[in-house]
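Asker: Below is one structure. I have some questions about it.
Read-outs throughout are calculated quantities, based only on the coordinates presented, and are distinct from any laboratory measurement. Just so it is clear, the structure is predicted and the values come from calculations on it, not from any experiment. Reconstructed Cβ throughout: ideal geometry from the backbone, glycine too, with neighbour counts over all protein chains shown.
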Amino acid sequence: MSDDPHVGARPRWRVSRELRPEGTVVDLGRGVLLGGPEVVVMAGPCAVEGRTQMLEIAEAARAAGAAVLRGGAFKPRTSPHSFQGLGVRGLELLAEARAATGMPVVTEAVDTESVPLVAEYADMIQVGARNMQNFGLLRRVGGTGKRVLLKRGVGATVDELLLAAEYILAEGNEAVALCERGVRGFDPAAPRVFDLNAIPLLRALTHLPLVADPSHGTGVRAHVAPMARAAVAAGADGIIVEVHTNPSEARSDGDQSIYPGQLRELVPECEAVARAVGRSLASPTAAPAAGGDP
């Protein structure tokens with residue numbers, strides 16, 4: 001039991017804006033700060049598919065202006081017959097891409113057993129939408145002390161997202177960011193609804209940094225850029241987008257993955273929006289010298 005009298009009486013006290021009105025800044029490493037005046041662009045493939053693919057996309061993402069590299073080594077899929085990721089090999093390739101580009105890495109832990117392994121390789125552990133209320137997993141990632149990106153479930157309310165984050169903070173880990181990645185809609189023409197309204201709502205309710213995922217939020221390549229710009233305008237501290245050099249051949253989420261050229265166009269657009277609302281865009285860290293440490 002906590003000694004804080006607010007805990008219990010206020011079920012989501014630790015995540016509340018009232019507790020920390022100034023907001024929380026999460027240091028992702030390599031000089032990248034999430035939750036400060038700079039908006040952070042995270043980009044990379046949905047899944048790590050191979051060495052050439054991963055390194056090419058990582059270099060392209062950094063060249064386009066992304067500051068953080070995303071990529072899935074473990075992939076929770078609806079069908080057991082779909083590509084499940086490269087596992088440990090995928091983590092190794094993400095680490096190699098980080099060494100080559102100097103970009104911090106965010107990747108998902110899909111169960112409690114994979115948490116120590118992901119924590120060993122990643123700078124930030126992602127808890128995906130399917131696992132938002134996997135309370136054992138939330139406690140486990142909280143106990144690592146690593147930075148955590150918690151995604152909203154497709155049927156979860158804002159309050160349920162905040163309470164899920166409370167599980168992580170209750171383990172003593174305050175390096176947590178929330179991710180709005182859309183909810184399930186009722187209209188067959190737009191079955192995924194990117195809940196843009198949740199961003200200013202969450203900003204009023206919580207001190208935790210907010211990341212927007214327009215790739216999963218829309219599921220349509222052509223809709224990613226407009227929703228990314230809108231998310232920055234609404235107050236997101238970061239955006240996370242899926243990028244692939246050949247989306248038609250991607251082993252997962254090709255339809256919502258943008259091309260590197262589209263990312264090159266999107267980054268300055270987001271920077272312009274950020275400046276319009278009194279912020280700026282985080283710059284990529286300097287690439288490490290050949291043979292040097294990142």
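Asker: Among the residues of the range 224-242, write down those that are more than 20 Å from Pro200 (Cβ to Cβ) and out of contact with any Lys or Arg (no Cβ under 9 Å at 6 or more places or on another chain).
Answerer: Let us first name the residues in the range 224-242 that are more than 20 Å from Pro200 (Cβ to Cβ), namely 224-225, 241-242.
Passing the criteria: Val224, Ala225.
Asker: Same structure, new question: Within the set of pairs 6+ apart or on separate chains, which have a first residue in the range 65-78 that is over 18 Å from Ser283 (Cβ atoms), a second that is outside any strand (DSSP E or B) and among the β-branched types (Val, Ile, Thr), and C-beta atoms under 7 Å apart?
Answerer: Close Cβ pairs (under 7 Å, with a partner that is outside any strand (DSSP E or B) and among the β-branched types (Val, Ile, Thr)) amount to Gly71/Val48; Gly72/Val48; Ala73/Val48; Phe74/Val110; Pro76/Val110.
Asker: Is the range 182-203 home to any residue that is in contact with a helix residue (DSSP H, G or I) (Cβ under 9 Å, 6 or more places away or on another chain) and closer than 23 Å to Ala64 by Cα? Give the derivation first.
Answerer: Step one: list which residues in the range 182-203 are in contact with a helix residue (DSSP H, G or I) (Cβ under 9 Å, 6 or more places away or on another chain), which gives 182-183, 190, 192-203.
Now narrow it down to the ones that are closer than 23 Å to Ala64 by Cα: none.
No - not one qualifying residue is present in the range 182-203.
Asker: Tell me, yes or no, whether the range 178-192 has at least one residue that is buried (at least 22 other Cβ atoms within 10 Å of the Cβ) and aliphatic (A, V, I, L, M).
Answerer: As a first pass, look at the range 178-192 and keep what is buried (at least 22 other Cβ atoms within 10 Å of the Cβ): 178-182.
Of the ones still in play, those that are also aliphatic (A, V, I, L, M) are 178.
Taking every residue of the range 178-192 in turn, at least one turns out to be buried (at least 22 other Cβ atoms within 10 Å of the Cβ) and aliphatic (A, V, I, L, M).
Asker: Can you give me the number of residues within the range 254-277 that are in contact (Cβ under 8 Å) with a residue 60 or more places away in the chain, over 21 Å from Ala97 (Cα atoms) and in a loop (DSSP other than H, G, I, E, B)?
Answerer: 0
Asker: Every residue in the range 168-191 that is without any contact (Cβ under 8 Å) to a residue 40 or more places away in the chain and not aliphatic (A, V, I, L, M), please.
Answerer: If the condition is that a residue be without any contact (Cβ under 8 Å) to a residue 40 or more places away in the chain and not aliphatic (A, V, I, L, M), then Glu171, Gly172, Asn173, Gly182, Arg184, Gly185, Phe186, Asp187, Pro188, Pro191 are the ones that fit.
Asker: Of the conditions (1) over 21 Å from Ile240 (Cα atoms); (2) out of contact with any strand residue (DSSP E or B) (no Cβ under 8 Å at 6 or more places or on another chain); (3) of a type outside the set (Lys, Arg), Ala99 clears all except one; give me its number.
Answerer: Of the numbered conditions (1) over 21 Å from Ile240 (Cα atoms); (2) out of contact with any strand residue (DSSP E or B) (no Cβ under 8 Å at 6 or more places or on another chain); (3) of a type outside the set (Lys, Arg), the odd one out for Ala99 is (1).
Asker: With the requirement that a residue be assigned to a strand (DSSP E or B) and either within 13 Å of Val243 (Cβ to Cβ) or of a type in the set (Val, Ile, Thr) (or both), what does the range 18-67 give you? First the steps, then the outcome.
Answerer: As a first pass, look at the range 18-67 and keep what is assigned to a strand (DSSP E or B): 26-29, 32-34, 38-44, 47.
Across the range 18-67, the qualifying residues are Val26, Val32, Val39, Val40, Val41, Met42, Ala43, Gly44, Ala47.
Asker: Going by the structure shown, is Arg152 touching a Gly at 6+ places or on another chain (Cβ under 6 Å) and of a type in the set (D, E, K, R)?
Answerer: On the way: touching a Gly at 6+ places or on another chain (Cβ under 6 Å): no; of a type in the set (D, E, K, R): yes.
No.
Asker: In addition: Is there a residue in the range 74-85 that is more than 13 Å from Ser252 (Cα to Cα) and either within 18 Å of the chain's Cα centre (by Cα) or part of a helix (DSSP H, G or I) (or both)?
Answerer: No: the range 74-85 contains no residue that is more than 13 Å from Ser252 (Cα to Cα) and either within 18 Å of the chain's Cα centre (by Cα) or part of a helix (DSSP H, G or I) (or both).
Asker: Let me ask you something else. Does the range 107-120 contain at least one residue that is of a type outside the set (A, V, I, L, M, F, W, C), assigned to a loop (DSSP other than H, G, I, E, B) and surrounded by fewer than 22 Cβ atoms within 10 Å (Cβ to Cβ)?
Answerer: Here is the first cut: in the range 107-120, the residues of a type outside the set (A, V, I, L, M, F, W, C) are 107-108, 111-114, 116, 120.
From what is left, the residues that are assigned to a loop (DSSP other than H, G, I, E, B) are 111.
This time we only want the ones that are surrounded by fewer than 22 Cβ atoms within 10 Å (Cβ to Cβ), so: 111.
Yes, that holds for at least one residue.
Asker: In the set Arg130, Arg70, Arg140, which member is within 17 Å of the chain's Cα centre (by Cα) and buried (at least 17 other Cβ atoms within 10 Å of the Cβ)? Explain how you work it out, then say what you get.
Answerer: Details: Arg130 fails: buried (at least 17 other Cβ atoms within 10 Å of the Cβ); Arg140 fails: within 17 Å of the chain's Cα centre (by Cα).
Going through Arg130, Arg70, Arg140 in turn, the sole match is Arg70.
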